[in-house]
Amino acid sequence: MFAAGLILYELCSNFKTQHQRIQKFSKLRSERVLDEEQFMSMPEERDIILNLTDPDPKRRSSAIYLLKSKTFQSWSFESKQ
């Protein structure tokens, strides 16, 4: 689930350089901090990212919980056929 949190973080972010991406990932991992300004309009995503990247695996949500969450259900996934 930790990796899912990192993927969601990357999808919600707009890193300008690889260096910036590495810095932000390191800060998330070591200090549990996300750019508040960037996530002002995405508070649910912010909470999910912080939950999924919790250092204690026992405190992370399960995949089933995430799939059933209102936030996840509200995202639209388009099929490219």
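Between a first residue in the range 58-70 that is in contact (Cβ under 8 Å) with a residue 40 or more places away in the chain and a second residue that is open to solvent by 60 Å² or more (accessible area, probe 1.4 Å), which pairs have beta carbons less than 9 Å apart while being 6 or more apart in sequence or on different chains?
Matching pairs, first to second residue: Arg60/Met1; Ser61/Met1; Ser62/Met1; Ala63/Met1; Leu66/Met1.
Considering (1) more than 11 Å from the chain's Cα centre (by Cα); (2) modelled with pLDDT of 90 or more; (3) surrounded by 13 or more Cβ atoms within 10 Å (Cβ to Cβ); (4) in a helix (DSSP H, G or I), say which one Phe25 fails and leave the rest.
Among (1) more than 11 Å from the chain's Cα centre (by Cα); (2) modelled with pLDDT of 90 or more; (3) surrounded by 13 or more Cβ atoms within 10 Å (Cβ to Cβ); (4) in a helix (DSSP H, G or I), the lone unmet condition for Phe25 is (1).
For the range 25-33, does any single residue satisfy the condition of being farther than 24 Å from Trp75 by Cα and of a type in the set (Asp, Glu)?
Within the range 25-33, one or more residues are farther than 24 Å from Trp75 by Cα and of a type in the set (Asp, Glu).
Looking at Ile64, is it part of a helix (DSSP H, G or I) and exposed (fewer than 10 other Cβ atoms within 10 Å of the Cβ)?
Values: part of a helix (DSSP H, G or I): yes; exposed (fewer than 10 other Cβ atoms within 10 Å of the Cβ): yes.
Criteria met by Ile64.
Give me the residue from the range 28-37 that is open to solvent by less than 100 Å² (accessible area, probe 1.4 Å) and assigned to a helix (DSSP H, G or I) and, out of that set, farthest from Leu50 (Cα to Cα).
Ser30
Tally up the residues in the range 8-22 that are in a helix (DSSP H, G or I) and either basic (Lys, Arg) or exposed (fewer than 15 other Cβ atoms within 10 Å of the Cβ) (or both), please. Write out each step before concluding.
Just the residues of the range 8-22 that are in a helix (DSSP H, G or I), to begin with: 8-12, 18-22.
Subset that is either basic (Lys, Arg) or exposed (fewer than 15 other Cβ atoms within 10 Å of the Cβ) (or both): 10-11, 18-22.
Counting residues in the range 8-22 that are in a helix (DSSP H, G or I) and either basic (Lys, Arg) or exposed (fewer than 15 other Cβ atoms within 10 Å of the Cβ) (or both) gives 7.
Show the residue pairs that are 6+ apart or on different chains and have beta-carbon atoms under 8 Å apart, the first residue being within the range 17-41 and within 20 Å of Arg59 (Cα to Cα), the second being polar (S, T, N, Q).
Sorted first by the residue in the range 17-41, then by its partner, the pairs are Leu28/Thr53; Arg29/Thr53; Arg32/Thr53.
The values are calculated or read from the model by the stated rules, or taken from the named source; none is laboratory data. Just so you know, these numbers come straight off a predicted model, no measurement behind them. Counting neighbours? That spans all protein chains shown, and the Cβs are built from the backbone with ideal geometry, glycine included. Accessible surface is based on the protein model in full, side chains and every heavy atom, while ligands, DNA and RNA are left aside. Shrake-Rupley method; radii C 1.70, N 1.55, O 1.52, S 1.80 Å.
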